[in-house]
1. Within the stretch 229-250, take every residue that is touching an Asp or Glu at 6+ places or on another chain (Cβ under 8 Å) and within 26 Å of Asn275 (Cα to Cα) and give me the one that is surrounded by the most Cβ atoms within 10 Å (Cβ to Cβ).
2. Do we find that Gln266 is closer than 24 Å to Ile164 by Cβ and either of a type in the set (Gly, Ala, Ser) or modelled with pLDDT under 95 (or both) in this structure?
3. Can you pull out the helices (runs of 4 or more DSSP H) entirely within the stretch 78-145 that have at least 3 residues that are within 29 Å of Lys230 (Cα to Cα)?
4. Given the conditions (1) in a helix (DSSP H, G or I); (2) modelled with pLDDT under 85; (3) not acidic (Asp, Glu), report the number of the one that Asn73 does not fulfil.
5. Only one of (1) polar (S, T, N, Q); (2) touching a helix residue (DSSP H, G or I) at 6+ places or on another chain (Cβ under 8 Å); (3) in contact (Cβ under 8 Å) with a residue 24 or more places away in the chain is not met by Thr81, so which one is it?
6. Restricting to the stretch 185-205, give me the number of residues that are of a type outside the set (A, V, I, L, M), in a helix (DSSP H, G or I) and closer than 22 Å to Phe272 by Cβ.
7. Go through (1) more than 18 Å from Tyr261 (Cα to Cα); (2) basic (Lys, Arg); (3) buried (at least 19 other Cβ atoms within 10 Å of the Cβ) for Lys177 and report which single condition fails.
8. For residues in the stretch 2-18 being at pLDDT below 75 and surrounded by 12 or more Cβ atoms within 10 Å (Cβ to Cβ), which is farthest from Ala140 (Cα to Cα)?
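The values are calculated or read from the model by the stated rules, or taken from the named source; none is laboratory data. Everything numeric in this text was worked out from a predicted model, so none of it was measured. Note that we place each Cβ from the backbone using ideal geometry, even for glycine, and neighbour counts take in every protein chain shown.
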Amino acid sequence: MASIFPKRGKLWISLYLNGKRVQKPTGLEDTPKNRRRVEKDLEDLEYQVKSGRIKLDQKSKSFSYYAKVFIENKTQTLKPTTLAKYHSALSYIVETFGESDITNIKVSDVRKWVNTLLKTLKVKTVENYIIVLNGIFHEALYDEAIDKNPMIHIKLPSREKVDIEPFSQDEVGLMLKNTNSDFQNMIAVLAYTGVRVGECLGLKWDDINWNSREIYIQRTRNAKGEMKPKTKESVRLIPIFASLIPFLQNQYTKTGMRSEYVFVTQFGEPYFTSNKIMIYKWTPLLKSLGLKHRRLYDLRHTFATNMLNSGNFTAMQIAKWLGHTNTQMLFTKYARYIKSEQYQINKDFDLYGNHVATAKTDDSTKSVIA
């Protein structure tokens, strides 16, 4: 109900009066003795209120109020896609905590709710809910409506790391040979450039420079429409390798004269998501070829691993083409797939430039092949 805090060497109390959080000076110096005195007075006051002997009009803000404050603040800073996720999580959270007085929500209440979610939802999904819930309690904390954020005591189980599963060169060849030209061209762009699926859907013909043989990635498309790529580094140039040129030329004959976008739906409209592509084209293709189901996004991993294994490019070049800041993510994610570095070892290599080393013994000096 109330708390004590120091201010310019004096003790102050913070409490709700008439529905508002107010701060009042005690006039006492901030000493251990005075703190104990004020704490006792507050305990007595709290007892008097709980017993009904003293009535205070304590209309503290509801959970819904701070949920609204939270989402309004985030509206100014978040990307539309992230904001949509927050709204989705928020509607579910408010169903649970709704008009509850935010000061009455305890750690045990939140933990019980989280444990219920974990029975039916993935840890990653629950993590997203936790982020939103934590933000709401922070708004109440900033407003001094609560003294402590209960979320600091909530711990989730560790998520199992999902291994990536890139396609082999033979599998990519099999897919390109056994699909119709429209989807064949899309698979080729994804497999030969490593672009994200949304970046592929947002690709326009103006982004393709035939003379310099480069593709300029500067946008992505999703359910909210067209927007900037994932990160600053995602705005980048990707080389058009010779193998990709025929597929791009073929696609130009289909959409180049009637659409600004490289890939469009059967109605001539740009794609918003890859959902229908996955359902009606990608999944049936993999099934017909007897290939294990993987995401369309895994063609990006396929590009990365095969580029690394080719040995023709530096790790930094590949990282830049993927839109990474440095090579750290590249090696962290793909190290186990880099066969060229695992098996192609020059065992005649001499680090220090001496092909013959001399080993000395107590009896004589012997020549040893390095």
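1. The qualifying residue surrounded by the most Cβ atoms within 10 Å (Cβ to Cβ) is Ile238.
2. For Gln266, the condition - closer than 24 Å to Ile164 by Cβ and either of a type in the set (Gly, Ala, Ser) or modelled with pLDDT under 95 (or both) - is not met.
3. 80-97, 123-142
4. Of (1) in a helix (DSSP H, G or I); (2) modelled with pLDDT under 85; (3) not acidic (Asp, Glu), only one is false for Asn73: (2).
5. Result: Thr81 fails condition (2) only.
6. Adding up the residues that qualify gives 6.
7. Evaluating Lys177 over (1) more than 18 Å from Tyr261 (Cα to Cα); (2) basic (Lys, Arg); (3) buried (at least 19 other Cβ atoms within 10 Å of the Cβ) leaves (3) as the failure.
8. By that ranking, first place goes to Leu17.
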